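Bear in mind these aren't lab numbers, they're just calculated from the coordinates by the rules spelled out. Computed from a prediction, not measured in an experiment: that's the story for all the values here. So basically every Cβ, Gly included, is an ideal-geometry build from the backbone, and we count neighbours across all protein chains shown.
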Amino acid sequence: MYVCEEIFKTRYIKVGSKCNLLTMSKISCIFCCIIAGRSPVAEIYEDPDFLVLMDKYPINLGHTLVIPKRHYDNLLSMPPKHVGGLYYLVTIIAKAVVSAVKADGFNVGQNNGRAANQIVPHVHVHIIPRFNDDSPNGKWPTRHVASYEDLLEIAYKIKGLLNSTLIDDMKFDFTTLSSREEKP
């Protein structure tokens, strides 16, 4: 179990300009600790709703995580409009990742529950660059521990490809979707 001691002591997490009381599950969530700024990360992008960072244990160079700042244990606990916002961001980040590392392709992965190999019980989406020669035997490449310096270097390259036009395009109003969801 992951425990962020600073948060455990205060039981509060800062999200944007607000401070919210945490439940016990959030106290032990490593992603909530990261969002609270209690753990160093190689950040790529942040807005009021999402944080994008490099995976500390990448499958391949450029392995990136897109995380909602609000804690949800799994995708089914997220409101559909937030899922839409999450995957809208995933498409924009994936373009930058693939370009930055000159990948031949990429996988998008999102695990829900222990049976699906969800290690951290906080919704997150993996963007995993793939290369023609990364799995000659057809199996997934092996994860490894990346140095913080290497993660920062790749994050810098990806950030450079996220120009303000792409980010501005992301500011889609998902409230129009919620009005359709409420109708029978």
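Remark on F106: its backbone amide H falls under 5 Å from those of R130, a criterion applied only to residues 5 or more positions apart or on other chains, H modelled at 1.01 Å from N. Given their separation in residues at 0.36 nm each and the Cα-Cα distance between them, N74 and T91 gain 4.1 nm when the chain is fully extended. Two numbers describe the Cα atoms of the range 78-120: Rg and Dmax, which are 12.9, 34 Å. Karplus-based coupling profile of the range 134-143, in residue order and whole Hz: 7, 8, x, 9, x, 8, 4, x, 7, 5, with θ = phi - 60° in 6.51 cos²θ - 1.76 cosθ + 1.60 and x standing for Gly or Pro. Applying D = kT/(6 pi eta Rh) to the range 40-181, where Rh is the Kirkwood radius over alpha-carbon pairs, T corresponds to 37 °C and eta to 0.692 mPa s, the Stokes-Einstein value obtained is 207 µm²/s.
Taking the Cα centre of the range 36-132 as reference, the dipole from Cβ charges on Lys and Arg (+1) and Asp and Glu (-1) amounts to some 120 debye.
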